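Reading through the structure tokens given below for one structure.
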Amino acid sequence: MRFKFSSLAATALLTVGLAAAAQAQTIRLAHVDPDEWTASKKGAAAHIFKNIVEGESDLTVELFPAGALGNEDELVAQAQDNLTQVVLVSGAMSKACPAASVLDIPYTFSSATIAWDVLDGDFGDALAEHCLAQTGLRTLAYGETGFRNFTNGTREIRTPADMEGLKFRVQPIPLYVEMVKGLGGEPTPIAWTELPNALSTGVVDGQENPVGVIYNNGLHKLQKYMTLDGHVYAADFILISDEFYQSLTPAQQAVVARAARIAGNMGRSIQQWSTAEGVNKVQAEGMQVYSPTADEIAAFAEKAQPAVVEYLRGELGEDAVWIDRLQESVAAASQ
């Protein structure tokens, strides 16, 4: 009887063990962007990650695009619980790891290549280690959501003075509120889903988003002017549950890390292409696009940065050191 019981128990344990092993070999990857890789930076990054990982290891990657598993905040929480192993997020990271919010200081990066140098260098590595300790999420690589730009339906914006009296829809994030205030505009936090109606009815005069988002969502049809001021460079974070990562073999870890780096670069490339194509398309459809000079950008920065930096220093406390570390890294990369 004892032998029979032990055999059944062993069989049950073996079954459970095999099921767990099978589950451990599957990576659930989620993001909120469309799945179409030619138009979606996260979609492109997800597909190349899947192809490399499955082609070079015994791991399987299951994709959940377009918010199938929830919004970005929910995806971060799922990854922290190891329910979804890999997530591609942007703004939600600063909520989980407040130090990441320093990347949103306006007019920090004068070009995408400088942003890449900073994020792929010592600063990006240090920020990743800091956020790993804070969240249990390992930053495998950085992708790109792109530079955000102002649009409006009233007049061309070339200087901060042109912002005065205009109401701009901003994300319900204090940093963006402070930025628009500093520039002389009137910030109006409105949910993304309500933006088209707010523009159509005149609740707000303008808004700010990356060019690809503006074009792909038809916002250029509701606005007449765009200023390519690139006030905020938004990064994507390719995150993995560190609990899951540590369960992988060194060979599997190497494949996953390499796949993520390539995926991040693919996302950046798609975003750059989408931006360039988007500018041409909005112009072809009647939108007036203005590219500020370096001196004009400096004037915007002079107005916007102090208010945001002061706000962040108050919010971050000891983590405010990341403001200085970022500024030093940008200065070095800009030389």
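The values are calculated or read from the model by the stated rules, or taken from the named source; none is laboratory data. Everything numeric here is computed off the predicted structure, so don't read it as measured data. Glycine also receives a Cβ, built like all others from the backbone with ideal geometry; neighbour counts cover every protein chain displayed. With ligands, DNA and RNA removed, areas are computed over all heavy atoms of the protein, side chains included. Shrake-Rupley method; radii C 1.70, N 1.55, O 1.52, S 1.80 Å.
Accessible surface of the chain, 1.4 Å probe: 53 percent of it comes from carbon and sulfur atoms. With one equal scatterer per alpha carbon and no solvent term, the Debye-computed log10 I(q)/I(0) for the stretch 231-335 at 0.13, 0.18, 0.21, 0.23 1/Å reads -0.87, -1.16, -1.20, -1.23.
Placing pseudo-labels 7 Å out from each Cα toward the beta carbon at Val321 and Asn71 gives an inter-label distance of 3.3 nm. With the alpha-carbon atoms of the stretch 16-143 aligned to their principal axes, the span from lowest to highest coordinate is 51, 34, 27 Å, starting with the largest.
Listed values for the stretch 38-55 are Karplus-derived 3J(HN,Hα) couplings in whole Hz (6.51 cos²θ - 1.76 cosθ + 1.60, θ = phi - 60°), namely 6, 10, 10, 5, 5, x, 5, 4, 5, 5, 6, 4, 4, 5, 5, 4, 6, x, and x replaces Gly and Pro.
Karplus-derived 3J(HN,Hα) values for the stretch 244-249, using 6.51 cos²θ - 1.76 cosθ + 1.60 with θ = phi - 60°, are 5, 4, 5, 7, 7, 6 Hz; glycine and proline are entered as x. Residues whose amide H lies under 5 Å from that of Phe109, counting only those 5 or more places away or on a different chain, are Tyr233; hydrogens are built 1.01 Å from N in the peptide plane. Amide H contacts of Leu166 (H built 1.01 Å from N, in plane; Pro and chain starts excluded): Glu186 sit under 5 Å, all sequence-distant by 5 or more or on other chains. Non-local lysine pairs in the chain, meaning eight or more places apart or on different chains, with alpha-carbon distances under 20 Å, amount to 11. At the residue level, Leu88 shows approximately 10 square angstrom of accessible surface with a 1.4 angstrom probe and all protein chains present. If both residues of a DSSP beta bridge must be in the chain, then about 60% of such bridges are antiparallel. Evaluated over the Cα positions of the stretch 200-276, the convex hull gives a direction-averaged projected area, one quarter of its surface, of 7.3 nm². Looking at the stretch 139-177, the GluC sites (Glu not before Pro) that sit in a DSSP loop and have at most 11 other Cβ atoms within 10 Å of their own Cβ are Glu164. Rounded to the nearest 0.05, what FRET efficiency do Asp58 and Ala133 give with R0 = 30 Å and r taken as the Cβ-Cβ distance? Could you check? Calculated transfer efficiency: 0.50.
Ranked from largest, the principal axis spans of the Cα set of the chain equal 87, 42, 32 Å.
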